[in-house]
Amino acid sequence: MANILAVGAHPDDIEIGIGGTVASLIARGDNVTLCDVTSGEPTPYGTPEKRREETANANSILKVENRINLGLENRWLRDTKKARVALAEVYRETRPDIILIPYYDDSHPDHVEASKIAQAARFVAKYTKTDMKGEPFYPPKIFFYFCVHRKKFIEPSIIFDISDTIEQKLKAVSAYRSQFFAGGEEMGEKKIENFKGKAAYFGSFIGASYGEPLLNLEEIGISSFDGLLP
């Protein structure tokens with residue numbers, strides 16, 4: 001059983017980028033924790049209370065039992081010592097085998113900063129002679145997921161098959177009605193269909209109905225081809 005931590009700048013980022021992956025990991029018995037760096041508010045049609053309710057609904061759909069919010073400042077998120085330590089302490093507490101974090105190149109400043117924080121915190125978490133909570137720990141593997149505003153072609157390292165959990169992903173994203181359905185049902189459904197289309201596109205590369213792309217900047221070692229076989 002793997003121990004996985006997924007980090008997002010805002011509630012709904014993880015659902016958009018890797019909601020199907022999260023649901024699949026949980027279904028197979030892996031220990032999955034989600035960590036939102038900010039509350040995601042203010043937004044044009046949301047409130048802190050509404051966002052918490054939407055997040056709880058998404059958690060229920062994905063079967064997420066462990067979710068943390070660091071409460072850092074939305075819209076003005078910065079890669080600071082405070083932010084690094086806050087997330088490093090989560091790493092030290094949860095001790096994940098793999099961390100899943102936002103892609104580092106985006107037009108949304110919060111996404112870029114959250115990626116910087118998540119990468120730096122990986123190193124900070126192993127510090128000794130510090131007053132940080134928990135024991136030193138360095139997460140062994142890190143993958144970037146894609147929840148981006150920038151319109152660019154994505155070249156992933158791996159694609160996770162979410163054919164069995166695509167509906168959970170779409171329902172979890174749809175739970176954030178203040179973010180996707182404020183312009184009406186028709187507009188909201190088009191946005192959800194767009195997410196489904198992207199998943200179908202990436203799934204086609206691996207012979208699956210739906211997939212989610214992940215990027216790794218380090219070499220991946222294997223001792224068996226079992227995981228690569230259909």
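Throughout, read-outs are computed from the coordinates displayed, never taken from laboratory work. From a predicted model like this one, the values you see are computed outputs, not experimental measurements. Positions of Cβ are generated from backbone atoms using ideal geometry, with glycine treated the same way; all protein chains shown enter the neighbour counts.
List of remarks:
- The amide H of Ser157, built 1.01 Å from its N in the peptide plane, has Leu214, Leu215, Asn216 as neighbours under 5 Å, considering only residues 5 or more places off or on other chains.
- Helix-only CD estimate at 222 nm, as mean residue ellipticity for the chain, using -39500 (n - 2.57) per DSSP H run (n ≥ 4): -13000 deg cm²/dmol
- Under the Karplus curve 6.51 cos²θ - 1.76 cosθ + 1.60, θ = phi - 60°, whole-Hz ³J(HN,Hα) for region 119-125, x wherever Gly or Pro sits: 5, 5, 5, 4, 7, 4, 4
- From the alpha carbon centroid of region 66-133 to that of region 1-65 is 16 Å.
- Across region 69-75, coupling constants 3J(HN,Hα) worked out from phi with the 6.51/-1.76/1.60 Karplus curve, θ = phi - 60°, read 10, 7, x, 6, 6, 5, 6 Hz, and Gly and Pro carry x.
- Virtual spin-label span in nm between Phe205 and Ala56, 7 Å along Cα→Cβ: 3.8 nm
- Summary value for the chain: 24 percent relative contact order, contacts being C-alpha pairs under 8 angstrom separated by 6+ residues.
- Net lengthening on full extension, Arg177/Glu65 (0.36 nm per residue, minus Cα-Cα): 38.2 nm
- Highest-first arrangement of 180-186, 164-170, 25-31, where packing means the average Cβ count within 10 Å: 164-170, 25-31, 180-186
- Theoretical FRET efficiency, 1/(1+(r/R0)^6), r = Cβ-Cβ of Ile220 and Ala27, R0 25 Å, to 0.05: 0.60
- Prolate/oblate/rounded label for region 24-155 (Cα gyration tensor, a/c 1.5): rounded
- Prolate/oblate/rounded call for region 25-97, Cα gyration tensor, a/c under 1.5 rounded: oblate
- Packing, as the average of other Cβ atoms within 10 Å across residues, places the peptides 133-139, 85-91, 14-20 in the order 14-20, 85-91, 133-139, highest first.
- Couplings 3J(HN,Hα) for region 44-52, derived from phi with the Karplus relation 6.51 cos²θ - 1.76 cosθ + 1.60 (θ = phi - 60°), are x, 10, x, 9, x, 5, 5, 5, 5 Hz, where x marks Gly and Pro.
- DSSP bridge pairs, the chain: antiparallel proportion in percent, nearest 5: 25 percent
- Most positive-pole-ward Cα, Pro213, Thr33, Phe123, against dipole of the chain from beta carbon charges: Phe123
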